[in-house]
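Written below as structure tokens is the structure these notes are about.
The values are calculated or read from the model by the stated rules, or taken from the named source; none is laboratory data. Note that this is a predicted model, so its numbers are computed, not measured. FYI the Cβ positions are ideal-geometry reconstructions off the backbone, even for glycines, and counts take in every protein chain you see. Calculation scope for accessible area: heavy atoms of the full protein, side chains included, ligands and nucleic acids excluded. Shrake-Rupley method; radii C 1.70, N 1.55, O 1.52, S 1.80 Å.
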Amino acid sequence: MKLPGSFERQMKQLLQDGYEDYLASLSRPSYYGLRVNTAKISVEDFLKISPFELQPVPWCPSGFYYDAAGEKPAKHPYYHAGLYYLQEPSAMLPGEVLKIEEGDVILDGCAAPGGKSTQIFSHMADSCLLVSNDISASRAQGLLRNLEMAGCTNMLVTADQVERIPFRFDKILIDAPCSGQGMFRRQPQLISSYLKRDGSYYSAIQKDLLDKAVGLLKSGGKLVYSTCTFDVRENEEVIQYCLDEHPDMKLLPIRSCEGFADGLNGLTFCRRLYPHKIKGEGHFVALLAKEGMVNKTPVSSEVFQYDEPFFSHIDQQFFRGRALRIEDRLLMVPSADLPAGLRILRSGLLLGRYRSGIFEPSQALAMALRKEQFDQVIDLRVSDERVLRYLKGETIDCRNFNLEGWVLVCVEGWPLGFGKISGDIFKNRYDRNWRYV
Ligand SMILES: C[S@@+](CC[C@H](N)C(=O)[O-])C[C@H]1O[C@@H](n2cnc3c(N)ncnc32)[C@H](O)[C@@H]1O
């Protein structure tokens with residue numbers, strides 16, 4: 001790997017005696033991780049059914065290393081059931097540091113493709129609300145899909161400037177756009193964009209984003225700032241700027257793990273992760289808090305009823321928040337007031353669409369349900385060849401099930417999507433954009 005000269009000089013100055021170790025780490029393979037979606041399955045239960053050899057990630061209780069040379073977890077039906085998310089191990093730290101609690105209203109400001117948003121979701125109670133935002137509308141589409149696959153319902157997915165979001169938050173994550181030095185080993189192609197835009201370019205953007213995020217943070221609220229770069233201008237200097245500009249903000253300590261390095265320039269509460277010291281790529285994490293008392297406004301999760309015959313298949317306790325019909329779409333939205341004038345990709349859960357007046361359930365609804373919440377289920381063993389046939393959008397033999405009409409297709413009890421049975425004919429309703437390839 002040919003490193004840019006300016007980067008080499010910077011790293012030599014930063015690491016001094018440790019530079020040779022860092023350089024040697026770049027020729028070793030990267031570590032690959034998966035994070036169990038504890039909103040669907042406990043870590044303990046997942047380990048009982050895991051088809052992969054897993055080793056724990058020390059800083060994330062639901063995070064595990066897998067052997068990327070031998071395993072293909074994105075090709076397994078459990079991935080399509082949303083039981084885990086594939087995430088770079090170091091990137092699992094910020095979502096743990098944020099410590100989600102009951103009743104939190106949370107902003108993930110730079111969220112696509114959704115590693116940290118899905119992690120935040122896995123810690124959320126029904127009384128929480130997640131606003132997951134990314135300025136790029138195309139990247140936010142991928143973010144929405146990942147949140148839907150995880151089964152998230154208490155959410156707003158937006159593609160806007162963070163300062164235009166008219167809420168106040170208990171918790172904010174700013175996983176900032178950065179020069180990406182920490183990812184050079186895993187994605188050497190990032191070096192060419194680094195040559196065009198290094199830390200001096202990103203530092204101003206990061207300060208601006210952090211400034212705006214502080215403006216959205218409630219008194220007593222907490223904010224995590226993270227990057228995947230080593231550059232002090234994008235890390236400690238951004239944090240110091242924030243502390244200087246906002247005297248009501250203070251830095252809090254982050255629990256250390258073996259191999260973590262402290263922040264530089266006196267900001268020892270911050271954490272630096274280097275690939276020669278831990279099993280993961282480069283990362284920087286800071287935890288900030290705003291002075292004052294916490295005043296929470298938990299989202300109410302009252303059960304509601306909506307007159308739609310399809311819903312007689314579903315346990316009525318599932319319907320929480322309120323129903324919102326927008327043209328042909330029917331949504332289940334959180335009880336919070338929805339902001340106007342914001343670029344919103346999704347409010348809550350898309351329950352389905354009306355086509356010629358007939359309701360068609362969405363893929364997201366299937367992912368948000370538990371098997372027990374639907375009255376007609378086809379539950380297949382993971383070894384059953386019909387699982388992959390279903391995920392590929394093919395028809396499957398359903399004669400032995402004795403069912404008629406809408407069914408929820410599951411693998412080992414975990415929902416994958418819908419189908420419709422008419423006599424001996426199974427119509428596959430797995431979303432064509434989600435198909436297994
Ligand atoms: C490091 S990535 C985020 C990764 C994500 N947190 C995850 O865990 O999957 C940074 C993201 O910031 C977004 N971004 C860049 N400038 C932004 C801005 N001004 N406001 C919001 N998002 C921004 C980019 O589109 C990019 O998706």
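Going by Cα centres, segment 338-405 and segment 16-56 are how many Å apart? Cα centroid to Cα centroid, the span is 31 Å.
Once the 1.4 Å probe is applied to the protein heavy atoms, the chain comes out at 43 Å² accessible per residue. Counting only alpha carbon atoms, the long axis of helix 137-150 and the longest principal axis of the chain meet at about 60°. Averaging Cα coordinates gives a centre for segment 146-187 and one for segment 272-299; these two points are 14 Å apart.
For segment 370-437, the share of accessible area belonging to carbon and sulfur comes to 44 percent (1.4 Å probe, ligands and nucleic acids excluded). Summarising the strand pairing of the chain, around 70 percent of its internal DSSP beta bridges are antiparallel.
Basic side chains Lys and Arg get +1 at the Cβ, acidic Asp and Glu get -1 at the Cβ, and with that the dipole of segment 14-69 about its Cα centre reaches some 320 debye. Temperature 37 °C, viscosity 0.692 mPa s: under these conditions the Stokes-Einstein estimate for segment 382-430, based on its Kirkwood radius over C-alpha pairs, is 306 µm² per second. Gain on full extension, evaluated as 0.36 nm per residue between Tyr354 and Val437 minus their Cα-Cα distance, stands at 27.0 nm.
Within the accessible surface of segment 165-293, defined with a 1.4 Å probe on protein heavy atoms only, the carbon and sulfur portion equals 51 percent. Model label sites at Asp375 and Ser6, defined 7 Å from Cα along the beta-carbon direction, differ in position by 6.6 nm.
Taking every alpha-carbon pair in segment 295-385 and binning the separations at 10 Å intervals from zero gives 13, 43, 29, 12, 2, 0 percent. Charging the Cβ of each Asp and Glu at -1 and of each Lys and Arg at +1, and nothing else, the dipole of segment 256-402 about its Cα centre rounds to 460 debye. Using the Kirkwood radius built from alpha carbon pairs, what does the Stokes-Einstein equation give as D for segment 273-431 at 4 °C and 1.567 mPa s, in µm² per second? D, rounded to a whole number, is 69 µm²/s. Using a simple spin-label model with pseudo-atoms 7 Å out from Cα toward Cβ, Gln317 and Asp17 lie 6.0 nm apart.
Other residues with beta-carbon under 11 Å from the beta-carbon of Thr229 carry, at +1 per Lys or Arg and -1 per Asp or Glu, a net charge of -2. Which entries in Lys40/Lys279; Lys99/Lys296; Lys2/Lys196; Lys116/Lys279 show an alpha-carbon gap greater than 22 Å? Checking Cα-Cα distances, Lys40/Lys279 exceed 22 Å. Dipole orientation for segment 291-437: of the candidates Gly357, Gln316, Trp406, Gly357 has the Cα lying most toward the positive pole (charges on Cβ; Lys, Arg +1; Asp, Glu -1). The orientation-averaged projected area of the convex hull spanned by the Cα atoms of segment 142-224 comes to 7.1 nm².
Taking the DSSP beta bridges with both ends in segment 370-437, the antiparallel portion is around 75 percent. Charges were assigned to the Cβ only: +1 to each Lys and Arg, -1 to each Asp and Glu. The resulting dipole of the chain about its Cα centre is roughly 800 debye. The equivalent ellipsoid that matches the C-alpha gyration tensor of segment 1-62 spans semi-axes of 37, 12, 10 angstrom, in descending order.
D by Stokes-Einstein for the chain, Kirkwood Rh over Cα pairs, 20 °C, 1.002 mPa s: 93 µm²/s.
Summarising the label geometry, the points placed 7 Å from Cα in the beta-carbon direction at Phe310 and Cys257 lie 4.1 nm from one another. Using the Karplus relation 6.51 cos²θ - 1.76 cosθ + 1.60 with θ = phi - 60°, the per-residue 3J(HN,Hα) values for segment 48-62 come to 5, 10, 4, x, 10, 6, 10, 10, x, 8, x, 9, 9, x, 9 Hz, with x marking Gly and Pro.
Taking 0.36 nm per residue of separation and subtracting the Cα-Cα distance, full extension of the segment from Arg28 to Tyr201 would add 59.3 nm. When Tyr32, Tyr85, Tyr19 are compared by accessible area of protein heavy atoms, the largest-first order is Tyr32, Tyr85, Tyr19, using a 1.4 Å probe. For segment 119-172, would you read off the P(r) tail past 16 Å as a percentage of all alpha carbon pairs? Taking all Cα-Cα pairs of segment 119-172, the fraction more than 16 Å apart is 41 percent. For Arg168 and Arg325, a Förster radius of 41 Å and the Cβ-Cβ distance give a FRET efficiency of 0.90, rounded to the nearest 0.05. Each semi-axis of the equivalent ellipsoid for segment 249-361 is √(5λ) with λ an eigenvalue of the Cα gyration tensor; in descending order they amount to 46, 19, 14 Å. Normalised radius of gyration (Cα atoms, divided by 2.2 N^0.38 Å) for segment 352-437: 1.01.
Rounded to the nearest 500 deg cm²/dmol, what is the calculated helix-only ellipticity per residue at 222 nm for the chain, with -39500 (n - 2.57) per DSSP H run of length n ≥ 4? Value at 222 nm, helices only: -6500 deg cm²/dmol. Counting only protein chain heavy atoms and rolling a 1.4 Å probe, the accessible areas of Ser138, Ser256 rank, largest first, as Ser138, Ser256. Ordering Pro247, Gly215, Leu156 by the projection of their Cα atoms onto the charge dipole of segment 139-272, which places +1 on the Cβ of Lys and Arg and -1 on the Cβ of Asp and Glu, puts Leu156 at the extreme positive end.
Of the residues Leu98, Gly282, Gly70, the one whose Cα sits farthest towards the positive end of the charge dipole of the chain is Gly70 (charges of +1 on Lys and Arg Cβ, -1 on Asp and Glu Cβ, taken about the Cα centre).
Divide the volume of the convex hull around the Cα atoms of segment 115-255 by the residue count and you get 135 Å³ per residue. Each of Tyr436, Tyr22 has its accessible area taken with a 1.4 Å probe; listed largest first, they run Tyr436, Tyr22.
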